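The values are calculated or read from the model by the stated rules, or taken from the named source; none is laboratory data. Note that the coordinates shown come from a computational prediction; the quantities given were computed from them, not determined experimentally. Neighbour counts run over all protein chains shown; Cβ positions are idealised from the backbone, glycine included.
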Amino acid sequence: MQRYTLRSDVIRRDSPIPYYFQLEGFLKEEIESGRWNPGQQIPSEAEFCEAFGVSRTVVRQALNELVNEGLLYRRRGKGSFVARPKIAESLVQNLTGFYEDMVAKGLTPITQVLEQKLIPASKKVAGMLSLKEGDQVIKMDRLRSINNEPILIVTTFIPYHICPTLLEEDLTKRSLYAVLEDRYKLEIARGRRTLEAISASEEDAKLLGIEEGDPLVLLKSVSYLKDGRPIEYFEAKHRGDRSRFEVELIRIKGGDKIVARHGLPPDLPRSNILVE
């Protein structure tokens, strides 16, 4: 770990700017400039106090702000570490899959198929796909990685009667959406997605290389064909420390009618629209 000597240009005693904010700015610069590398442990609170001549309360507040911003993370009993940059995903505002989204960003996604089998639909899955409980669905469990680092686990359900040979498809290096469109001529027209925060289970932690109880973002999605039939239901657990979701909101005056913009359909779900 790098040790610091007191520098007069870091904490200005005559400035009206709070000490914690000055310290936060300095530490943020150390991270964003690359002088501190992702995964590197930073000095302890006591070392910062000694180096900059400030109280532990000041140091703790500065570090808390950086943790909240996702620039640092803590390990109980070990200290604070520089966080890896989060991977921006557009899965909430664009009807794409993880594979397509990552390729569009110039990244190389890797898929490990954990399970791909035929099962009877549970009551929940049947409801999502407009099936009867017990109808056959194809279930796929996949671990998705970027640069050999696990990022998410996704469980997908597809109605078996629509594309039965999907059971034999190799999805390790292909987009599921591309397979559905190219091979089965099934064009996904719209979808509905929700986000919620959950904690990693023991099995999640093992697969994702994190600790049990670490934060995950659960993305649930139902996708529909042009004729309105549900074609896919999935639940994806994204690592909270490595994922950031981007959403574009459209402000519409009036609220009585929705005007399409940037190629978006006029029936865009209202969760994506700010209406006055």
Sole exception among (1) outside any loop (DSSP other than H, G, I, E, B); (2) over 26 Å from Ile210 (Cα atoms); (3) modelled with pLDDT under 85 for Glu29, by number: (3)
Residue, nearest to the chain's Cα centre (by Cα), within the stretch 135-159, restricted to residues that are more than 15 Å from Ser223 (Cα to Cα) and either polar (S, T, N, Q) or in a loop (DSSP other than H, G, I, E, B) (or both): Ser145
Extreme residue, modelled with the highest pLDDT, among residues of the stretch 76-130 that are out of contact with any strand residue (DSSP E or B) (no Cβ under 6 Å at 6 or more places or on another chain) and polar (S, T, N, Q): Ser122
The stretch 152-166, residues that are under 9 Å from Tyr233 (Cα atoms) and touching a helix residue (DSSP H, G or I) at 6+ places or on another chain (Cβ under 9 Å): Thr156, Phe157, Ile158
Given (1) more than 16 Å from Leu129 (Cβ to Cβ); (2) loosely packed, with under 13 Cβ neighbours inside 10 Å, number of the condition Asp227 does not satisfy: (1)
Yes/no for Lys173 being in a loop (DSSP other than H, G, I, E, B), more than 20 Å from Ala236 (Cβ to Cβ) and either touching a His at 6+ places or on another chain (Cβ under 9 Å) or not hydrophobic (A, V, I, L, M, F, W, C) (or both): no
Residues of the stretch 147-200 satisfying the condition of being polar (S, T, N, Q) and on the phi < 0 side of the Ramachandran plot: Thr155, Thr156, Thr165, Thr172, Ser175, Thr194, Ser199
Residues located in the stretch 176-219, provided they are in a strand (DSSP E or B), of a type in the set (Ser, Thr, Tyr) and closer than 26 Å to Leu129 by Cα: Thr194
Residue within the stretch 198-214 that is among the basic types (Lys, Arg) and surrounded by 14 or more Cβ atoms within 10 Å (Cβ to Cβ) present: no
Any pair with Cβ under 8 angstrom, 6 or more apart, that starts in the stretch 9-30 at a residue that is closer than 17 Å to Leu72 by Cα and ends at one that is among the acidic types (Asp, Glu) and not in a loop (DSSP other than H, G, I, E, B): Tyr20/Glu65; Glu24/Glu65
Selection from the stretch 104-134 of residues that are buried (at least 17 other Cβ atoms within 10 Å of the Cβ), without any contact (Cβ under 8 Å) to a residue 60 or more places away in the chain and in a loop (DSSP other than H, G, I, E, B): Ala121, Leu131
